[in-house]
Each structure stands twice: as structure tokens, then as C-alpha cells.
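What follows is a single structure, written as C-alpha cells, with notes after it.
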Amino acid sequence: MAVTGWHRPTWAEVDRAAIRANIQNERTHLPENVALFAVVKADAYGHGMVEVAKTAKEAGAKGFCVAILDEALALREAGFDDFILVMGAVPQAFAGVAAQKRIAVTVFDIEWLTGLAPLPTNLDVHLKVDTGMGRLGLRSMEAVREIEAEIAKREDITIEGIFTHFATADQLETSYFEKQLACFREVVGSMEVRPTLVHCANSATALLHEQADFDAVRFGISMYGLTPSPEIVPALPFELRPALSLYTEMVQVKELMPGDHVSYGATYEAEEREWVATLPVGYADGFIRAYSGFQVSVDGVLMPVIGRVCMDQCIIKLPREYPVGTKVTLIGGPNSADVAASHLNTINYEITCLISERVPKKYIN
Ligand SMILES: Cc1ncc(COP(=O)(O)O)c(C=O)c1O
């Protein structure tokens, strides 16, 4: 059982107003008839699935996209009766469960269909076309037509949608994107019947490319106020408002003497008298060892994490003595998820997804 640390001063704060603003701005940016589906997989990218889903719905999201069936079931369990699509592979054995819960699933090859036992009730499916991502999906027009023909023979499956996913939508250079898009249009155009929901856009595509020919967008990272990539920031149609901040408090403050060491391996050595603080957060919280050297902040003043990050604690160097209990921003403000991503040599998606269940989430606004 995962235990959440409500009795420890380390927490993630999620600003609902930021999520609402990001969705409303995107809604204004989209043509009226294009639905926004909130991508809430992976515990809403670490922001908390149920709370984010509630907030997204209030702000105009018309449904949800998740990666695995369990996430969809958790949304149903929480009382959401909206459209839900599982974008990842659902084992055939669970197609009946999806059908009973009115959860749409992704069909990405013919083998999944042939051999699927008759279902207790109708199952909505979205065909996934691999137009160049090379991940999940049907790789030719013929494969799509074959699936269409197979489904036409059955009374228990409806093709509700067709979709694809872009490999380079977060890049300013669009030639590969254009190729994928043209391929997708061609495949959709070749279908016997155009499904109700034709969709291709993740955040980057929804922000940067016209969606008038499509029926929905799958809005993920930018609903949380983060850019799909640093290079497209100048091209964004509106300012994104990051929703998540990660905080902790100093639990011990002490003065080191020259030659004193800090943390495992004694890798950090004080060169002069200096003030340090111990923070109750570590790699088990998702504040991983690679955060060593990262600058956290106190009232906007940056301070480095020194020595090795431990499982539950880490140490920062202070510019002066601070009182125990001083609030420290681990992620947020000048040390944003983007700055953290750059320090960790990764992407902002991973920064928020890393935050573990041990960290409680507090929702504001
Ligand atoms: C198929 C698919 N669509 C949409 C998204 C949402 O992407 P983003 O978070 O970049 O908006 C994802 C997320 O990885 C995805 O896998």
C-alpha cells in the first residue's frame, strides 16, 4: 500500500485556476465544434487524476483520454459518465469490461479483432493509425479497410473514431509532421464511413496547427501549463500557466565548519563556514538523485542542493541562516519544471510524473 505523507511538510500544490485557464484558452483557440479531451493518464501527469478530471470538465473538457483500462475504470468509479478513450492496448480478455463500462478502446491490429469473443454489449473502438510514430497502430490503408470490413460483420462493435499520433509535433521544423498528417488524411479519406471522432492532435498540434478538419484534440501537457517543448515557446498562441508546484520546509538548519562533509559518500565538503538546511524530501518522493546540484528557491532566492540526495532527505546550501520551518520551493517559480527538466536532461513531462504517491497533493482555487 502506498502511504501518503500528510504529517510531513512536503507537498505538491496544484492550482485548479491554472488548469481551467489553460483549457479555456485552448477552447477559445479551437474551432467551436472541435472537442477538447483532457489527457489524464499517469495520475494526470502527477497532478492527481480525479481532481484534474473534475476541474477539466468544469472548464469545458468533453471527455478523457487515458493510457490503460484501469485508469478509465478509476474515472468511472469516481462517477464520471463522460467519454473515455484508452489510448494504449487493452488485452482482448478485458474488452467486455470496457464495453460494459462504455469505455472506448483502441484497435491497432487485425489480430486483436479476429478471435475476440462476442461481447455482452456494444464496444466503441477508435482505430489507431501509425502514420510515422512507429509505436501502436495500423500501418496501411488496406489494414484500416480490412478492420472496417471485419467490424461490419459484427453487431457488437462500433467504430466511433480514428486517430493518429505525431512524432515531431513539438518541433518548429514541420516536414515530418506534414508527411504524417497527409498520410492520416488519406487513410481517413479512404474509409467507407467517416467515424464520428477523427482526431490527431496532442497539445503541440492543438496549439500550433489548424484543427478545423478534425473533431477533437487530446490535450495533455499544456492543460497542466507546461510547454510540449522549449523550442515552441515563442510560437505558442497564449501563455501557459503551470499548475503544479512542489514545496517542502527546512527541518534542520546548521552551520558547517570548513572541511565538514554532507550526505552519503561525503562527496560535498564545506570550504568555509556555511549554513545548510536539511529538507524532508528525497528520491522516494520523485526528487531523484540527479537533482543534486539543482537550485531550489526560497522567496525567489536560488540555493543549490549539495551532496547526494537520499531516499527521504536532502541538503541545501543557504546564503545565510534561515529559521527552521522556512518554506522551500523545489519546483515552481524560477526553478520551474522546465528548468528542472534541463538540469535532469529530460522533459518537463517526466518531472511531474516522477512525483510519487508519498507526496500529498493540495488543491487551491
Ligand atoms: C496518443 C497520445 N495522444 C495524446 C497525448 C497527449 O500528449 P501531450 O501531453 O503532449 O498533449 C499522448 C501523450 O503522450 C498520447 O500518447
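Every read-out reported here was derived from the displayed coordinates using simple, explicitly stated rules and does not represent laboratory data. Everything numeric in this text was worked out from a predicted model, so none of it was measured. So basically every Cβ, Gly included, is an ideal-geometry build from the backbone, and we count neighbours across all protein chains shown.
Go through Leu181, Leu197, Val253 and say which Cα lies farthest out towards the positive end of the charge dipole of the chain; charges sit on Cβ, +1 for Lys and Arg, -1 for Asp and Glu.
The listed residue farthest towards the positive side: Val253.
Using a Gaussian network for the chain with springs between C-alpha atoms less than 10 Å apart, which of these wobbles most: Val107, Val52, Val193?
It is Val193.
Report the semi-axes of the equivalent ellipsoid for segment 96-163 in whole Å, largest first, where each axis is √(5λ) for an eigenvalue λ of the Cα gyration tensor.
Details: eigenvalues 83, 34, 18 Å².
The equivalent ellipsoid of segment 96-163 has semi-axes of 20, 13, 9 Å.
Check Cys314: other-chain or 5+ apart residues with amide H under 5 Å from its amide H, H built from backbone geometry?
Result for Cys314 returns Leu279, Val281.
Putting +1 on Lys and Arg Cβ atoms and -1 on Asp and Glu Cβ atoms, find which of Val52, Thr28, Trp275 reaches farthest to the positive end of the dipole of the chain.
Final value for the positive-end residue is Trp275.
So what is the relative contact order for segment 244-364, in percent, with contacts set as C-alpha pairs under 8 Å and at least six apart?
On the way: 264 pairs, mean separation 34.9, N = 121.
Over segment 244-364, the number comes to 29 percent.
By DSSP, what percent of the beta bridges with both residues in the chain are antiparallel, rounded to the nearest 5?
45 percent
Among Ala67, Gln313, Thr121, whose Cα projects farthest towards the positive end of the dipole of the chain, with charges put on the beta-carbon of Lys, Arg (+1) and Asp, Glu (-1)?
Toward the positive end, the furthest listed residue is Gln313.
Would segment 16-235 count as rounded, prolate or oblate if I go by the C-alpha gyration tensor, calling it rounded below 1.5 in a/c and otherwise prolate when a/b exceeds b/c, oblate otherwise?
Values: a/c = 1.97, a/b = 1.21, b/c = 1.62.
Cα axes put segment 16-235 in the oblate bin.
So, with +1 on the Cβ of K and R and -1 on the Cβ of D and E, and no other charges, what is the size of the charge dipole of segment 261-365 about its Cα centre, to the nearest 20 debye?
Working: 9 positive and 11 negative charges, 50 e Å.
Around 240 debye, computed over segment 261-365.
Can you report the principal axis dimensions of segment 1-50 using only the alpha carbons, biggest first, rounded to whole angstrom?
Computed over segment 1-50, the largest-to-smallest principal extents equal 46, 21, 12 Å.
Quick one: which of 342-349, 125-132 comes out on top by average Cβ neighbours within 10 Å, and what's the full order, highest first? Present the calculation step by step, with values, prior to reporting the outcome.
Details: 342-349: 16.5, 125-132: 23.5.
Final packing ranking: 125-132, 342-349.
Can you tally the net charge around Leu354? Count Lys and Arg as +1, Asp and Glu as -1, for every other residue whose Cβ sits under 13 Å from the Cβ of Leu354. The partial results should precede the final answer.
Numbers: positive: Arg289, Arg358; negative: Asp43, Asp285, Glu350, Glu357.
It works out to a net charge of -2.
Within the chain, which complete DSSP H helices have Cα atoms spanning at least 15 Å along the helix axis and a mean Kyte-Doolittle hydropathy of -1.0 or higher?
Numbers: long enough: 16-29 (20 Å, -1.21); 141-152 (16 Å, 0.17); 175-189 (21 Å, 0.05).
Taking the DSSP H segments of the chain (at least 15 Å long, mean hydropathy at least -1.0), we get 141-152, 175-189.
Hey, how many Å between the Cα centroid of segment 295-359 and the Cα centroid of segment 45-59?
24 Å
If you put +1 on each Lys and Arg Cβ and -1 on each Asp and Glu Cβ, how big is the dipole of segment 16-235 around its Cα centre, in Debye rounded to 20?
Numbers: 20 positive and 30 negative charges, 85 e Å.
The dipole of segment 16-235 has a size of about 400 debye.
About its Cα centre, what dipole magnitude does segment 112-253 give when the only charges are +1 on Lys and Arg Cβ and -1 on Asp and Glu Cβ, stated in debye to the nearest 20?
Values: 11 positive and 20 negative charges, 32 e Å.
It works out to roughly 160 debye.
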